[in-house]
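The values are calculated or read from the model by the stated rules, or taken from the named source; none is laboratory data. Just so it is clear, the structure is predicted and the values come from calculations on it, not from any experiment. Here the Cβ is made from the backbone with ideal geometry for all residues, glycine too, and neighbour counts use every protein chain on show.
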Amino acid sequence: MNLPFLSKPPRIAVLRLSGVIAARPAGAFAASGISAQATGPLIDRAFGIKRLAAVAMVVNSPGGSAVQSSLVAQRIRRLADKKKIPVTAYVEDAAASGGYWLACAADEIVADPASILGSIGVISASFGLEEAIGRLGVQRRMHTAGEDKSFLDPFRPERPEDVARLETLLADLHVTFQDWVRQRRGAKLRAPEAELFNGRFWTGKRAVDLGLADRLGEASADLRARFGDKAQLIGIGARRPPWPLRLLSGAMSPVALGGTLAEGAMAAVQDRAAWARLGL
């Protein structure tokens, strides 16, 4: 006998993945962002909800560590496959570089028309400070065992062999990134790989045309349309730090317990640079 009034509404975990992807300390005082250590428990919590119908990943990230992107994405896929739970990624401001790596862990990618998606590439940036320390009258004293231990030391002139080695490392990571996108998006991609995999990024509307996203939409409205107005949307995200640290933080991110405000400021500068690269 079918008794509709006894049926329970579907439950959807809304897992928020926000910020730069980096291996930073986890815990109550951790800098905002995404990492395997900090985000892993949230993923487990999302997939551990009873009577779970689906997981909605709300992605808002300019990218970051390739390793952390891979670890987080693999954890999502492992649990989704094990529990046979459909996963949809909803892109807010950006799912770029490592952020797009995360979005590809979903079965479907939904973007806002003005979202930024793509940037399927790898980047390494540093500074050359050898002339600066010379002007300051500072001598660089460094001793190594292993001729390549001081690889790309910013306090000495750049060596062609170091650059060649770095380019090989970046190329290897780029291949891994491309393989992941091919595995997850496959026949959905509707443009030549030379165009899609060159580090360029696009708006959500254009990303749908290229096959990098499936359709346009917004998480709350889309989930209500799919699962009904009575669906239980269960938000899961990083807990906010205690209010004293929020007062101290200002424009900088809260820092890990045992860390320093200088470390928090540096993390904030790095995060700001990552977003600025996308014009956001």
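Some notes on this structure:
- Checking the stated criteria, A171 turns out to be closer than 13 Å to I120 by Cα, at pLDDT below 95 and hydrophobic (A, V, I, L, M, F, W, C).
- One residue from R16, R45 being modelled with pLDDT of 95 or more, outside any loop (DSSP other than H, G, I, E, B) and over 17 Å from the mean Cα position of the chain (by Cα): R45
- Members of region 133-154 found to be surrounded by 11 or more Cβ atoms within 10 Å (Cβ to Cβ) and over 21 Å from L166 (Cβ atoms), listed by number: I133, G134, V138
- Some residue of region 142-159 being of a type in the set (D, E) and within 30 Å of the chain's Cα centre (by Cα): yes
- Count - residues of region 190-212 that are farther than 14 Å from S97 by Cα, outside any helix (DSSP H, G or I) and touching a helix residue (DSSP H, G or I) at 6+ places or on another chain (Cβ under 8 Å): 3
- Region 58-73 - residue that is touching a residue at least 40 places away in the same chain (Cβ under 8 Å) and out of contact with any strand residue (DSSP E or B) (no Cβ under 7 Å at 6 or more places or on another chain) and, of those, surrounded by the fewest Cβ atoms within 10 Å (Cβ to Cβ): V67
- Residue match in region 205-222 (condition: polar (S, T, N, Q) and either touching a Lys or Arg at 6+ places or on another chain (Cβ under 8 Å) or within 22 Å of E108 (Cα to Cα) (or both)): yes
- For region 213-233, the candidate set comprises residues that are in contact with a Pro (Cβ under 6 Å, 6 or more places away or on another chain) and in a strand (DSSP E or B); within that set, the residue that is surrounded by the fewest Cβ atoms within 10 Å (Cβ to Cβ) is Q232.
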